[in-house]
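Trainee: Quick one: the structure is below, questions incoming.
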Amino acid sequence: MDEAISPGVPPLEALRALPQHQQPTYPDPAAEAAVVARLRALPPLVFAGECDDLRADLAEVGAGRAFILQGGDCAETFDGVTANSIKARMRVLLSMAVVLGYAGQTPVVTLGRIAGQYAKPRSNDTETREGVTLPAYRGDAVNGFDFTKEARTPDPERLVRMYNASASTLNLARAFMAGGFGDVRQSHSWNAHFVRDEHVSERFEALAAEIQRAIGFMEACGLRESSLRVGGFYATHEALLLAYEHSMTRIDYRSGQPYDTSGHLVWIGERTRQLDGAHVELLRHVRNPLGVKLGPSTSPADAVALAERLDPDQEPGRLTLITRLGAAKVRDLLPPLVEAIEATGRRVAWVCDPMHGNTVSTATGFKTRRYADVMGELDGFFDVHEALGTWPGGVHVELTGDDVTECVGGSFDIGEDDLASHYESLCDPRLSRNQALELAFLVAERLSPIAARRAAPTEAEEWDH
Ligand code: PEP
Ligand code: CO
């Protein structure tokens, strides 16, 4: 039943014979096969041409001329597919993109962890509560969060729900962008009733007013409105579930090449990036731009081998390397990785995920991240790239559009005792909307002098005139 997608993409059965991690075991394999067949017949969620546009945008990042903002939920949920939730997440991302783009004077490529981020790798296969052991929650794409046997049993029908949830989310995101929500002149209204921390709010309002004046000037010079939008907005997620990603892989009618049409960019997680594993084998055959997470155990040789496997032609925009090394280690571990990759001659986009290397548990049992550690890893990332003369290409953060209390410190100085009040994440702790916007200002402060130096003409160029 596993009809060949080809050219070159191994059949699902062949992938299943390779080493692989973090895959659900369904009680009824025939039911899974039937779901996969249904998914193969459904329309693609993204168009291959959009993936090519994104690859071109990411090539600009690799060349040091644009910056990536990648952010969204750790785990999206089916309950979170509401207009309000989608709007709130997009508002934070677009506000951050405006801050980064204006303050850094750099085009921003906005990648949502959205419309497909429904499956999670877990450290343990099972969870035990009060003597009862059940399968761990692996994201709404696999099983339910409730601690009952029924909810925790993996159900392949959830893959169809993942498709539908992704389609509805993407539809609204596209409608917002096409309908003017991404117009920077709206940045004042994004902020209304949004930022509650006065300090962050004043900064954002001052910047929005400055942008308004700049836009007024550009309009007076005759610049057309269509160019006043926040740059591209794309849907991205971790390509974790092999059956789902394989079933969404289609041949582009224009080029005859395979694309994973579940999202514009898909990434391989830290736990599934084995060189000889099924994830690398599937994704090396699709033409989407790819991300790879690199944790503290990654050796420079591992990174180079992965880059060569996934990007043998050194194609600009193909590869985004997302490092998540931890605040304490980034200064030691990042330089050898960057140097080894740069020595191969390819220009990847270097992105810092300051969240996943900085997760801690409190005495009261909450998983949290300290704002100071998040900023510490970002500072290390910028320092390393400045010292090496390489371009710090972007940030990757877990955030929400709501006033959650999941990460400590930062805006409102959330303390450990406050975590219980609005801890809503089913998985990792996310930045609240105020913490996220504050982070954008701090990143913009680091980016702006580096971008200014890049933009300044060299003496030789000045003489050319
Ligand atoms: C994630 O991004 O949610 C995640 C699980 O990250 P990593 O693969 O870096 O651990
Ligand atoms: Co996470």
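Trainee: Enter the accessible area per residue of the range 297-343 (Å², integer; probe 1.4 Å; all protein chains in place).
Mentor: 41 Å²
Trainee: Under a Cβ-only charge scheme (Lys and Arg +1, Asp and Glu -1), can you give me the dipole magnitude of the chain about the Cα centre, in debye to the nearest 20?
Mentor: That gives a dipole near 700 debye.
Trainee: With unit charges on the beta carbon (Lys/Arg positive, Asp/Glu negative), name the residue among Gln22, Phe47, Ser6 whose Cα is farthest towards the positive pole of the charge dipole of the range 1-85.
Mentor: Of the options given, the answer is Ser6.
Trainee: Starting from one equal scatterer on each C-alpha and no solvent at all, send me the Debye-based log10 I(q)/I(0) for the range 261-305 at q = 0.17, 0.20, 0.23 Å⁻¹, two decimals.
Mentor: -0.47, -0.65, -0.83
Trainee: Another one. Any chance you could get the radius of gyration and Dmax over the Cα atoms of the range 98-157, in Å?
Mentor: 18.4, 56
Trainee: For the chain, which cysteines have no second Cys with its Cβ under 4.7 Å from theirs?
Mentor: Cys with no partner Cβ under 4.7 Å: Cys51, Cys221, Cys352, Cys407.
Trainee: For the chain, with all protein chains present and a 1.4 Å probe, just round the carbon and sulfur fraction of the accessible area to a whole percent.
Mentor: After summing per-atom areas, the C and S share lands at 52 percent.
Trainee: What is the spin-label model distance, in nm, from His422 to Arg65 if the labels are put 7 Å beyond Cα along the C-beta direction?
Mentor: Label-label distance for His422 and Arg65, simple model: 4.1 nm.
Trainee: If you count only protein heavy atoms with a 1.4 Å probe, what accessible area per residue comes out for the range 91-151, rounded to a whole Å²?
Mentor: I get 38 Å² per residue for this part.
Trainee: With a cut-off of at most 13 other beta carbons within 10 Å, and DSSP calling the residue loop, which GluC sites (Glu not before Pro) in the range 118-157 qualify? Please list them.
Mentor: Hits after loop and neighbour filter: Glu130.
Trainee: Moving on to the next point. So which of Lys329/Lys367; Lys149/Lys329; Lys87/Lys329 end up more than 32 Å apart by C-alpha?
Mentor: Going by Cα-Cα distance, Lys149/Lys329; Lys87/Lys329 fall outside the 32 Å limit.
Trainee: Between His21 and Val360, what is 0.36 nm times their sequence separation minus the Cα-Cα distance? Round to one decimal in nm.
Mentor: Here the segment from His21 to Val360 would lengthen by 119.7 nm.
Trainee: Counting only C-alpha contacts under 8 Å and six or more residues apart, can you give the relative contact order of the chain as a whole percent?
Mentor: For the chain, the relative contact order is 21 percent.
Trainee: Could you tell me the largest-minus-smallest coordinate of the C-alpha atoms of the range 197-305 on each of the three principal axes, in descending order and whole angstroms?
Mentor: 56, 40, 25
Trainee: When the Karplus curve 6.51 cos²θ - 1.76 cosθ + 1.60 is applied with θ = phi - 60°, which whole-Hz ³J(HN,Hα) does each residue of the range 337-343 get, with x for Gly and Pro?
Mentor: 5, 5, 5, 5, 5, 4, 5
Trainee: Let me ask you something else. Report the far tail of the P(r) of the range 287-367, meaning the percent of Cα-Cα pairs longer than 15 Å.
Mentor: The answer is 56 percent, as a whole percent.
Trainee: Now for a separate question. Taking a temperature of 37 °C and a viscosity of 0.692 mPa s, what whole-number D in µm²/s does Stokes-Einstein yield for the range 118-186 with Rh from Kirkwood over alpha carbon pairs?
Mentor: Stokes-Einstein gives a translational diffusion coefficient of 231 µm²/s.
Trainee: Rounded to two decimal places and with Rh computed the Kirkwood way over Cα pairs, what is Rg over Rh for the range 1-72?
Mentor: With Rg and the Kirkwood Rh in hand, the quotient comes to 1.10.
Trainee: Summing -39500 (n - 2.57) over the DSSP H runs of n ≥ 4 in the chain and dividing by its residue number, what mean residue ellipticity at 222 nm do you reach, to the nearest 500 deg cm²/dmol?
Mentor: Result for the chain, helices only: -13000 deg cm²/dmol.
Trainee: Using alpha carbon centroids, what distance separates the range 40-92 and the range 288-358, in Å?
Mentor: For the range 40-92 versus the range 288-358, the Cα centre distance is 20 Å.
Trainee: Separate question: I need two numbers for the chain: Rg to one decimal and Dmax as a whole number, Cα atoms only, in Å.
Mentor: 21.7, 77
The values are calculated or read from the model by the stated rules, or taken from the named source; none is laboratory data. Values in this document were obtained by computation on a predicted structure and should not be read as measured data. Methodologically, a virtual Cβ is constructed for each residue, glycine included, from the backbone with ideal geometry; neighbour enumeration extends over all protein chains shown. Keep in mind that these areas ignore ligands, DNA and RNA; they rest on the heavy atoms of the full protein, side chains included. Shrake-Rupley method; radii C 1.70, N 1.55, O 1.52, S 1.80 Å.
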